1. Taking the Cα centroid of region 204-232 and of region 50-83, what is the distance between the two, rounded to the nearest whole Å?
2. Which FRET efficiency, nearest 0.05, do Asn148 and Glu96 yield, Cβ-Cβ r, R0 35 Å?
3. Full-extension gain between His224 and Arg240, please, as 0.36 nm times their residue separation minus the C-alpha to C-alpha distance.
4. Subtract the Cα-Cα distance of Leu104 and Thr69 from 0.36 nm times their separation in residues, and report this length gain in nm to one decimal.
5. Please list the radius of gyration and Dmax for region 6-241, considering alpha-carbon atoms only, with Å as the unit.
6. In sequence order, what are the phi-derived ³J(HN,Hα) couplings for region 217-229 according to the Karplus relation 6.51 cos²θ - 1.76 cosθ + 1.60 with θ = phi - 60°, rounded to whole Hz, with x for glycine and proline?
7. Around Val108, which amide H atoms from residues at least 5 apart in sequence, or from another chain, sit under 5 Å from its own amide H, with H modelled in the peptide plane?
8. Can you compute 3J(HN,Hα) from phi for each residue in region 157-169, using the Karplus curve 6.51 cos²θ - 1.76 cosθ + 1.60 with θ = phi - 60°, rounded to whole Hz and x for Gly and Pro?
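Since every read-out is calculated from the coordinates, none of them should be taken as a lab result. Keep in mind it's a predicted model, so treat the numbers as computed, not measured. Backbone-built Cβ (ideal geometry, glycine too); neighbour counts: all protein chains shown.
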Amino acid sequence: MQLPRYIAHRGLSKHAPENTLAAIQAAADAGCEWVELDVQCLGDGTAVIWHDESVDRCSDGQGTLIDMTRDQIRHLDVGSWFSPDFRGERMALLDEALSLISALELGVNLELKINPGHDPVELANTAVHRARQVLPLDRLLVSSFDMNALESARAQDEKLALGLLYEAIPRRWASDAQRLRPVSVHADWTQLDQERLIEIQSAELALLCYTVNDPERFASWWDHGVSGVITDDPALFDSRYQRRTRGDGSRKPR
């Protein structure tokens, strides 16, 4: 799999509310090739694009996702907290996000987000099955901090591209890699270890770093074998990724 140098974190989350259809569209409008999104399940099993355990931070409601249903979340405004321009934005269902990604011909790093009380096997089975129905293998990368979720994903499809997701890369990473056969390792860039980087290079795996929003501080890591970054705003690194919008947030004609 040829992964890009820059992946838009939770969509273009510098310029639109994270993990929304608007953020996916904004990434495409900026010329991004890939987005990173979080997926988890509601209490009724509905797969949605969302990061937090609760809706408190990024909506006008309160409560945990595991206690909610599809009907309940469809009434939430998940855009106004970011900007009045996004008032009325709704939480994206996984199916909606995948359809938009396919239409825009983007690639997606889909993170299986396992918050407390959630079943990693159920999420992997649901999300991977839906994603494989919509996207080709060369535009789908599934990652997770939860190795049980990745094991379930691997069991579904031997050809699926997986990413091992860590904060600091542990010494056991090679054992995880041997079992799961990933194409990439993902790590918090502030916790990088040069010894681990050398090991990953030797294994010929891609190394993606998150969430990188300071090009100058990060610059030296490119020379240590980092393949790409997951960033809130790829334009920080390359001016080609400027969002093409009018002042009101709507898309400019190309």
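1. So the two Cα centres are separated by 31 Å.
2. According to the calculation, E is roughly 0.85.
3. Between His224 and Arg240, full extension yields an extra 3.3 nm.
4. Value of the extension gain: 9.8 nm.
5. Reported Rg and Dmax, both Å: 17.1, 49.
6. Once rounded to whole Hz, the list reads 5, 7, 3, 5, 6, 4, 6, 9, x, 5, 8, x, 10.
7. Counting only residues 5 or more places away or on other chains, the set is Val35, Leu140, Leu141.
8. 8, 5, 9, 5, 7, 10, x, 7, 10, 9, 7, 8, 5
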